[in-house]
Amino acid sequence: MAQVQAQILPTSQAGNIVPEPVREGIDLHINGEHYRHTGDPQMPLLWYLRDMLRLTGTKYAGAHGENGADLVLVADKAVSAITLSMSSLADKSVTTVEGLAANDGTLHPLQQAFIDEDAIGCGYCTPGWLISGVALLRRKKKPGDDDIDQLPNRCRCGCQTRVRRAIMRVAADKAGQP
Amino acid sequence: MSAGKTRDAIRLDRRRFLQVMAGAAGALVVGIRAADAADAPLPPALLGDNFHDLGAYVRIDGDGNVLIGARDPDTGTGVATSLPRIIAEELDADWNRVSVIALGLGVGNDNGQPRWTYGRQVGGTGGSIPAAWRDLRQVGALARWLLMQAAARRLGVSANRLRCDSGTVIAPDGRRVTYGSLAADASQVALPARAPAVKIAASYQLVGFPAGDVDAHDIVTGQARYALDQHLGDALVAVLVHCPWPDGTLARIDTSAALAVKDVVKVVQLKPEPEQPWGSTVIAPAVAVLAKNTWAALQGRTQLKLEWKPGASQDESSTALEQQSLATLGSHAAPTTRVRDDGDFDAASKQAARRFEATYFQPWLAHASAEPMNCLVRLDKDRARLVVPTQAPQKAWAVVQRLTGLAPDQIDIRVPRVGGGYGRRLDHDFVAEAVMLAQAVDVPVRLLWTREQDFSHDYYRSGCVHQLNAIVDRKRRLTGWHQRMASASALAHRGGSEDHLWSSELRADQIPAGLVPNYRSDWYAQQSAQPRGPFRGMPHLSNAFAVESFIDEIAHQMREDPLKTRLRILGEPRQLPLGNGVTLDIGRLRNVLQLVADRIGWKNWLRSVNGLGIACWHVDGAYVAHAIETAMQGEKLTIQRVVCAVDVGRVINPLGLHGQVVGATLDALSTALDPAITFKNGQIQQHSYKDYPLASMAQLPNDVEVITVPGDRTPTGASFLAMPTAAPALANAVFRVSAVRVRRLPLMKELLRML
């Protein structure tokens, strides 16, 4: 079923534009790849990512994304993937945790900082912390404690102090600006 | 599939053998297996090249890569890192060349009975490290011994003149041979008559040194595969609606609209098996919608038309249960169990110079694990394959075996990293549900609980009431202590003896047992249809809050420094036997208490404008204390500083221990501040994190200062060690800063009510 509704389309190359026939579906970019969703337009992005694309780094958090484990980046904002219907994402670009690292595998500075600070408990909600942390760092290069206090994520493992240190580590490292 | 050939075994003790196998492509493989009842011939090894079939702990390949299996489920406790490091230490492996794999359940067939290939496999109960210290060191030591014998032959030097370092054997003249090049020969070396000696601590290069989580890179890149992220064939996705009453029944059902949803395949009813204990069957009557994908299943679920009929529990409420508990404690009825009775409290009470009394109330709690209950199952005629996020795969196996009737070794249970356990995943109701559904549809099934179900159908921590009485003599010595606790046991409906229901609720050896000449503790059973089960830190969690708050109250009323009161109650450093083989090391307990006091600046406790609070506790041979500093601005409470000292004996991974201590501290603070489960008309009132709020970053301290007492005693577990003392230290600090004594959790609600 995954193959039916998800397909990777080659992006057109500049200077070599060929007219294409009109096709049904919702076009969007996820982690730089072009996808066309032809299934139910009301399907939440979360289930498209997990069931159709098998991009499982974005986790189920709750019916309203309550604990932040399903956050993704849309236009540099952290948004709960279960609250986004596919129809709302036409021509949008989405970044999931799988898309934070560079294509050559170089980690985003915050991913590296999470490893360096060992800011990991069970790890299930870590992708959500990373996404909201990256969104914060894109909004504010030198976030303070008050900014970090506003992160929406919730977790019982108690990684919060290490997550705080990881974000501060990136903020303090000028070479590591995202 | 079996690439390895069993060679030989050395007896470790009465029950276990070290087992050595020659793996594929010249690999050396060393494992542990349980002893057969009558030392029967060794069974065929489960060893294979497929990771999931790896039937041993250590595998050294010809290229020098070392694969080490982690037997216990890692729910965020760090055992996937710490257990393999114990083996790698004895092996003198190069940690950079070590890959760790989660072993999954190891089970063989012993005449129809299960034989647990890896021994104990339980995560998140504090037992993993002590168990590993008993047997996993031997695995590494044997592998190292075999490699050295092979090196001795190759180099023409006797083995006792060789040394090992980071995956290399080194001769006195400086010649070096790598483990990889020795692996094939080592697998042919005759075994020693006895298990080789383990290393002395002075030569440790991994144990006692910090290591980050082995799964960290996979986790931060989104590549880590939890059970929900794995696939077995094209499984149907099953989502459920549970009856709001655990003892209710389905009165009417109309599935037509649900079945009309595109990609919905089937609707199936599930019923608890009444004769089965809690945790091994369906938790409440349920209706499942099975569909080709999650979105279709969830949509089908909203189209179900169901009418539930309540059971006898429809009159239950958590408020009424608490009043019932209070009435029971006030009635002077005989306790269900007199847990401990030293001296004569009644006689001592008549001689008392002063008496103290207080009652503490703590709410029902949910586990609120990040990854919801789920299970992936594929049933074939002669095999069951499951991916289960469990803390106890052997218990999951028992559920699958009972429902399928398969032979022990026909059940394959994989256990990937688990998204939080906290005791919830010691129960396997969701495994029973998934197996029943797979049986009903005859294709693989992925069961997914929604967040709402996780909150409203849990094996909760029971609410509890503690009534404490204490007496002091004219010299202010604590001469009597009477603790009375009323709660609904987590061991009820689990097939155990009625005499032991108390043991999930309190401990016979908890503070101040053994420190007071007349000490009595009584437990009063309360009844509820709401399921209960193991919960992180229980029974220490609720008892430490009551006891360590009460000691502060006694100190306050006697106009004493609560640190001095505690030290006086503890007395001089000594070994204090508490019965049942438990010995309390008063020196170690005093030490952690003094350490946090010194670090937080306790000498200013009375003059500080902020509130300082302190608490200490002991858990199965480990010692913990918290000191907390709080500030209040109007109604805003700020936790400014938190210091925690722990003494766990030898530390395996200091970075991992730090993470567990910080994590348990923050979890305990979060649990104390706001959340509570309540029920009314027999129905749970909380359905999401919004109703059951875990603490935000802003509510939690920016840092937790951890002091680890160095030690060389046998290591103890630490996954919940720092839970019990955080809440009482907080409440004691809140009293100092606000003059409000919080005797009821959740703390914020009570504080705001009393201000």
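The values are calculated or read from the model by the stated rules, or taken from the named source; none is laboratory data. Just so it is clear, the structure is predicted and the values come from calculations on it, not from any experiment. Methodologically, a virtual Cβ is constructed for each residue, glycine included, from the backbone with ideal geometry; neighbour enumeration extends over all protein chains shown.
If you filter region B:426-477 down to residues that are charged (D, E, K, R) and within 24 Å of A:Tyr60 (Cα to Cα), you find that the one that is farthest from the chain's Cα centre (by Cα) is B:Arg446. Can you name the residue in region A:39-55 that is assigned to a loop (DSSP other than H, G, I, E, B) and more than 10 Å from chain B (Cβ to nearest Cβ) and is also farthest from B:Ala216 (Cα to Cα) among such residues? This residue is A:Pro41. Here B:Arg559 fits the description: on the phi > 0 side of the Ramachandran plot, of a type in the set (D, E, K, R) and surrounded by fewer than 22 Cβ atoms within 10 Å (Cβ to Cβ). Figure legend. Inter-residue proximity from region A:56-71: first residues crowded, with 24+ Cβ neighbours inside 10 Å, second residues in a loop (DSSP other than H, G, I, E, B) and of a type in the set (Lys, Arg), beta-carbon distance below 6 Å, spacing 6+ or different chains. Indicated pairs: A:Asn67/A:Arg154; A:Ala69/A:Lys59; A:Asp70/A:Lys59. The condition of being buried (at least 19 other Cβ atoms within 10 Å of the Cβ), in contact with a Leu (Cβ under 8 Å, 6 or more places away or on another chain), of a type in the set (Gly, Ala, Ser) and within 30 Å of B:Ala664 (Cα to Cα) holds for only one of B:Ala396, B:Ala370, B:Ala366, that being B:Ala396. Do we have B:Asp234 as in contact (Cβ under 8 Å) with a residue 60 or more places away in the chain and outside the structural domain of B:Ser99 (by TED's automatic domain parsing) here? Here the answer is yes, as B:Asp234 does meet what is asked.
When region B:160-169 is filtered for residues that are buried (at least 17 other Cβ atoms within 10 Å of the Cβ) and of a type outside the set (Ser, Thr, Tyr), the ones remaining, listed by number, are B:Leu162, B:Cys164, B:Gly167, B:Val169. Evaluating A:Tyr124 against the criteria (1) in a helix (DSSP H, G or I); (2) facing chain B (nearest Cβ under 8 Å); (3) under 16 Å from the mean Cα position of the chain (by Cα); (4) under 27 Å from B:Val704 (Cβ atoms) leaves one unmet condition, (1). Scanning region B:261-281 for residues being of a type in the set (A, V, I, L, M, F, W, C) and more than 14 Å from chain A (Cβ to nearest Cβ) gives a total of 4.
For region B:692-741, a residue qualifies if it is β-branched (Val, Ile, Thr) and in contact (Cβ under 8 Å) with a residue 40 or more places away in the chain, and the qualifying residues are B:Val704, B:Val706, B:Ile707, B:Thr708, B:Val709, B:Thr714, B:Thr716, B:Thr725, B:Val734, B:Val737. At least 1 residues being under 22 Å from B:Arg476 (Cα atoms) is the threshold, and among the strands (runs of 3 or more DSSP E) wholly inside region B:327-382 those reaching it are B:337-342, B:354-362. Within region B:187-232, the residues that satisfy the criterion of being more than 8 Å from every other protein chain (Cβ to nearest Cβ) and in contact with a Phe, Trp or Tyr (Cβ under 8 Å, 6 or more places away or on another chain) are B:Pro192, B:Pro196, B:Leu206, B:Ala211.
The number of residues in region B:67-87 being modelled with pLDDT of 95 or more and assigned to a helix (DSSP H, G or I) comes to 8.
Residue-wise test of (1) assigned to a loop (DSSP other than H, G, I, E, B); (2) crowded, with 21+ Cβ neighbours inside 10 Å.
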| residue | (1), (2) |
| --- | --- |
| B:Val443 | yes, no |
| B:Arg446 | no, yes |
| B:Asp454 | no, yes |
| B:Asp458 | yes, yes |
| B:His466 | no, yes |
| B:Gly495 | yes, no |
| B:Gln510 | yes, yes |
| B:Ala513 | yes, yes |
| B:Arg520 | no, yes |
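Checking A:Phe114 against (1) closer than 9 Å to A:Ala166 by Cα; (2) among the hydrophobic types (A, V, I, L, M, F, W, C); (3) more than 8 Å from chain B (Cβ to nearest Cβ), which test does it fail? All conditions are met except number (3).
For (1) within 8 Å of chain B (Cβ to nearest Cβ); (2) touching a Phe, Trp or Tyr at 6+ places or on another chain (Cβ under 6 Å); (3) modelled with pLDDT under 95, each residue gets a yes or a no:
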position: A:Gly57; (1), (2), (3): yes, no, no
position: A:Gly62; (1), (2), (3): yes, no, yes
position: A:Asp70; (1), (2), (3): no, no, no
position: A:Ala75; (1), (2), (3): no, no, yes
position: A:Ala78; (1), (2), (3): no, no, no
position: A:Leu84; (1), (2), (3): no, no, no
position: A:Lys92; (1), (2), (3): no, no, no
position: A:Ala102; (1), (2), (3): no, no, no
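Name the single residue, out of those in region B:716-755 being under 30 Å from B:Ala132 (Cα atoms) and among the hydroxyl-bearing types (Ser, Thr, Tyr), that is surrounded by the fewest Cβ atoms within 10 Å (Cβ to Cβ). For region B:716-755, the residue satisfying everything is B:Thr716.
What are the residues in region B:327-348 that are modelled with pLDDT of 95 or more, out of contact with any Pro (no Cβ under 8 Å at 6 or more places or on another chain) and either surrounded by 15 or more Cβ atoms within 10 Å (Cβ to Cβ) or not hydrophobic (A, V, I, L, M, F, W, C) (or both), if any? Steps first, please.
The initial filter retains those residues of region B:327-348 that are modelled with pLDDT of 95 or more, namely B:327-329, B:334-348.
Then keep just the ones that are out of contact with any Pro (no Cβ under 8 Å at 6 or more places or on another chain); that gives B:327-329, B:334-341, B:344-347.
B:Thr328, B:Leu329, B:Pro335, B:Thr336, B:Thr337, B:Arg338, B:Val339, B:Arg340, B:Asp341, B:Asp344, B:Phe345, B:Asp346 - these are the residues of region B:327-348 that are modelled with pLDDT of 95 or more, out of contact with any Pro (no Cβ under 8 Å at 6 or more places or on another chain) and either surrounded by 15 or more Cβ atoms within 10 Å (Cβ to Cβ) or not hydrophobic (A, V, I, L, M, F, W, C) (or both).
Identify the residue in region A:135-149 that is in contact with a Pro (Cβ under 9 Å, 6 or more places away or on another chain) and at pLDDT 95 or above and, among all such residues, is surrounded by the fewest Cβ atoms within 10 Å (Cβ to Cβ). Ranking the qualifying residues of region A:135-149, first place goes to A:Arg138. Among the residues of this structure, B:Gln351 counts as one that is surrounded by fewer than 19 Cβ atoms within 10 Å (Cβ to Cβ), touching a residue at least 60 places away in the same chain (Cβ under 8 Å) and assigned by TED's automatic domain parsing to the domain that holds B:Gly537.
A Cβ distance below 7 Å, combined with a sequence gap of six or more or placement on separate chains, defines the contacts here; from region B:434-455, residues that are away from chain A (no Cβ under 14 Å) reach residues that are part of a loop (DSSP other than H, G, I, E, B) in the pairs B:Ala438/B:Pro444; B:Val445/B:Ala235. Taken as a whole, the condition of being facing chain B (nearest Cβ under 8 Å) and at pLDDT below 95 applies to A:Cys155. Considering region B:528-624, the qualifying helices (runs of 4 or more DSSP H), each wholly inside and each with 2 or more residues that are modelled with pLDDT of 95 or more and farther than 23 Å from B:Arg477 by Cα, run over B:540-557, B:586-600.
What do you reckon, is A:Leu110 in contact (Cβ under 8 Å) with a residue 60 or more places away in the chain, of a type in the set (A, V, I, L, M, F, W, C) and either out of contact with any Leu (no Cβ under 8 Å at 6 or more places or on another chain) or not in a helix (DSSP H, G or I) (or both)? It is false that A:Leu110 is in contact (Cβ under 8 Å) with a residue 60 or more places away in the chain, of a type in the set (A, V, I, L, M, F, W, C) and either out of contact with any Leu (no Cβ under 8 Å at 6 or more places or on another chain) or not in a helix (DSSP H, G or I) (or both).
When region B:650-708 is filtered for residues that are at the interface with chain A (Cβ under 7 Å from one of its Cβ atoms) and part of a strand (DSSP E or B), nothing remains. Within region A:92-125, being surrounded by 24 or more Cβ atoms within 10 Å (Cβ to Cβ) and on the phi > 0 side of the Ramachandran plot holds for one residue alone: A:Gly123.
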